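Student: The following block contains the structure, expressed as structure tokens.
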Amino acid sequence: MKAPDNLLVIIDANSSGVSGDKYLGALVSIGGRLETLRKVARVVAENTPGTASVKVDARRVERGDIGAYLVTIKSDEKEVRRKGSLILGSAEKCARKLGFSDWGYKFSLSTIETLLRAESKVHGHSPKDVELEELGSVDTLIDVLGVARLSEELALANATWWSTPVAVGGGTSHFSGRSYPNPPPAVAEILRASKFPMVRGLGEQELSTPTGVAITVNLVGGYSQSHPPLRLERVGYGAGSRDIDEVANVLRVTAGESLETVHSHDEMVMLETNVDDVTGEVIGRAVEQLMSKGARDVTITPVYMKKNRPGSVITVIAKKDDAERLAQVIIAETGTLGVRELPVFRHITPRTSRTIRLQIGGENHPLRVKIAEDRKGRIAGGKVEYEDLRRISDKTGIAIQELQRLTKPLLKSLEKGD
């Protein structure tokens, strides 16, 4: 089954977090077959040394008065402490034997590698030599490979996946005979390495497991506190193993038709301040400093201020992570006493870059072109980089407007796919 081009899957992770069993339960809830999971388990057992048998079941339970599917995995293993190289090798062998698509194969191995890199960083051993305890169990392989196989079965594999920030919980977790603050070290490392956002969530317990977080960061292509617009078609709830008082311990996965335009989206911040007592030279310097330190865009708007004094509004668009640093740049460069910060939501046309060649006087001049694309990757338009036009104008003496006219046939050829 092939996913439509506009299929969107949303993971609601900011309430009770993510784990492998919650993902499996949510996918079973929206139509994934239990027999498919059992086949995955059989292949894992046959291709993971030290495993005698594995049993997988799913049943409907309630978590906070919400009906959800709980998937349980019971294994008879002689050894659960396995090296990273063995786990990765088993994952690769199982993915091939199960006949995964290219997406399923890459997702499965990438997720296992994410876990191994995190454990390697935490324990100070190479990914192939790090010894996994709980994560060395076949449960981990079944969780990861099961999510891949059910996603393929439900035609979600090539959909666009979106997630809210991951809830990690409070208090402490206990493993290897010791207590650790939540999020556990491996979870914290995965989130750090992937720059994925987290929230505390409710409750004094672990809400997200390393496997669940590794699955999440390898599935999603975007994240936001708010959901992108979609027309819901399927809703599934996967249950965690425990019933938690403070929150319904379920992971909700929804799928449906995306109602977005061809644009993608991201969340930025807008920094603003009004100044009326600095010169144009000072403002110009401030713009240079802001752009050099990571601002996405800076604009200056003339305004009338108190007592009809002419002034300027300095507006900066930036990543939220850069907001504090850039606000300090504004204060330092202009002497303003305050900077406003507002969240903004950007609509972004997909784009790529290509190089065309403009022939003038027998010489080919390279020109970089920004290419705008629609959702299916078709070229919707293009614009030649100004700096390249200026370089050619300086060299040939031809006006930039004339060069722009000469490039129009080349841009039309690009749009037609010639």
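Student: Taking every pair of Cα atoms in segment 1-132, average 1/r, invert it to obtain the Kirkwood radius, and report Rg/Rh to two decimals.
Tutor: Across segment 1-132, the Cα-based Rg/Rh ratio is 0.98.
Student: What does DSSP give for the chain in terms of the percent of beta bridges that are antiparallel, rounded to the nearest 5?
Tutor: Close to 90 percent.
Student: Mind checking the alpha-carbon convex hull of segment 208-284 and giving the volume per residue in Å³? Present the calculation step by step, with values, prior to reporting the outcome.
Tutor: Working: hull volume 17.3 nm³, N = 77.
It comes to 225 Å³ per residue, whole-number rounded.
Student: For every other residue with a beta carbon closer than 13 angstrom to the beta carbon of Val168, add +1 if it is Lys or Arg and -1 if Asp or Glu, then tell me the sum.
Tutor: Once all neighbours under 13 Å are counted, the net charge is -1.
Student: Follow-up. Can you list the equivalent-ellipsoid semi-axes of segment 80-176, largest first and in whole Å, using the square root of 5 times each Cα gyration tensor eigenvalue?
Tutor: 24, 19, 11
Student: Take the Cα coordinates of the chain, assign each an equal point scatterer, and use the Debye formula without solvent to give log10 I(q)/I(0) at q = 0.11, 0.12, 0.14 Å⁻¹.
Tutor: Results for the chain at q = 0.11, 0.12, 0.14 Å⁻¹ read -0.95, -1.04, -1.21.
Student: Give me log10 I(q)/I(0) at q = 0.16, 0.17 Å⁻¹ for segment 286-418, Debye formula, one equal scatterer per alpha-carbon, no solvent.
Tutor: Taking Cα atoms of segment 286-418 as identical point scatterers yields -0.94, -0.97.
Student: Could you report the chain's accessible area per residue, 1.4 Å probe, as an integer in Å²?
Tutor: 51
Student: Using bins 5 angstrom wide from zero, how does P(r) for segment 287-326 break down, in % of all Cα pairs?
Tutor: 6, 23, 24, 17, 12, 12, 6, 0
Student: With only alpha-carbon atoms in the gyration tensor, what are the semi-axes of the equivalent ellipsoid for segment 80-120, in Å, largest first?
Tutor: Its equivalent ellipsoid spans semi-axes of 19, 12, 5 Å.
Student: Right, another one. Pairs Lys22/Lys319; Lys55/Lys97; Lys293/Lys408: which are spaced more than 30 Å apart, C-alpha to C-alpha?
Tutor: Checking Cα-Cα distances, Lys22/Lys319; Lys293/Lys408 exceed 30 Å.
Student: Write down the radius of gyration of segment 331-371 and its Dmax, each obtained from C-alpha positions, in Å.
Tutor: 21.0, 58
Student: Where does segment 197-237 land on the Kirkwood hydrodynamic radius, alpha-carbon pairs, in angstrom?
Tutor: For segment 197-237, the Kirkwood estimate is 12.9 Å.
The values are calculated or read from the model by the stated rules, or taken from the named source; none is laboratory data. These numbers come from a predicted model, not from an experiment. In this analysis, Cβ positions are derived from the backbone assuming ideal geometry, glycine residues included, and neighbour counts consider all displayed protein chains. Note: areas computed on protein heavy atoms with side chains; ligands, DNA, RNA excluded. Shrake-Rupley method; radii C 1.70, N 1.55, O 1.52, S 1.80 Å.
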